[in-house]
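One structure below.
The values are calculated or read from the model by the stated rules, or taken from the named source; none is laboratory data. Remember, it's a predicted structure, so these values are computed and weren't measured experimentally. Note that we place each Cβ from the backbone using ideal geometry, even for glycine, and neighbour counts take in every protein chain shown.
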Amino acid sequence: MKKKLLGEERRTLLLQWLKTAETPLTGSDLADRSNVSRQVIVQDISLLKAKNEPIVATSEGYIYLTSSQDQILFQEVIVCKHTPAETKEELCMIVDHGVSVKDVRIEHPVYGDLSASVRVSNRIEVDQFLAKLKHTNAPLLSQLTDGLHLHTLEADSMEKIKNACQSLKDRGFLIEA
């Protein structure tokens, strides 16, 4: 029987594993490694985030943002509207221009601003994100606002973001101020 890792020792190892991982680590994987439940890992991650550790939950698992991953030179928030069936088309139009989709946000009439990490940068990640939604039967945040939502876009040049926005505008997905 594997030894159950306790408290601070477990959280120290979680940080080490996340910092050295080349791909996202799932809660289940981290739970197996530390011989605790996935729920304990979720709580540990919350405690680490409360200590300002740059851990992000993505559709593929947890990642630790290093300074090199966080050095996006250009960022822009855009407003889009489309049906759930058009989500893949929207995301692919963005990533095909070399732009990453950091998150999605909506303005909920009761809860105010709600946001979720998306973190897709290519078509494979788009497919993985959508497969996770389908597998969990989770609705898109934009379904709460009749398709209206915001995305934070990131790229290494403003030109890439501008080109992605033009494609979205041409398709009728981009809402301009």
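Per-structure values
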read-out	value
Residues located in the stretch 119-156, provided they are touching a His at 6+ places or on another chain (Cβ under 9 Å), under 14 Å from L91 (Cβ atoms) and part of a helix (DSSP H, G or I)	L141, S142
Sole exception among (1) in contact with a helix residue (DSSP H, G or I) (Cβ under 8 Å, 6 or more places away or on another chain); (2) in the same structural domain as L168 (by TED's automatic domain parsing); (3) of a type in the set (F, W, Y) for Y111, by number	(1)
In the stretch 4-30, residue surrounded by the fewest Cβ atoms within 10 Å (Cβ to Cβ) [restricted to those that are of a type in the set (A, V, I, L, M, F, W, C) and over 21 Å from the mean Cα position of the chain (by Cα)]	L6
Pairs where the first residue, in the stretch 7-29, is closer than 13 Å to Q43 by Cβ and in the same structural domain as T58 (by TED's automatic domain parsing) and the second is loosely packed, with under 12 Cβ neighbours inside 10 Å and modelled with pLDDT of 90 or more, C-beta under 9 Å, 6+ apart	G27/Q39
Unique match (being in contact with a Leu (Cβ under 9 Å, 6 or more places away or on another chain) and touching a residue at least 60 places away in the same chain (Cβ under 8 Å)) among Q166, Q75	Q75
Some residue of the stretch 146-165 being in contact with a Pro (Cβ under 8 Å, 6 or more places away or on another chain) and either in the same structural domain as V104 (by TED's automatic domain parsing) or β-branched (V, I, T) (or both)	yes
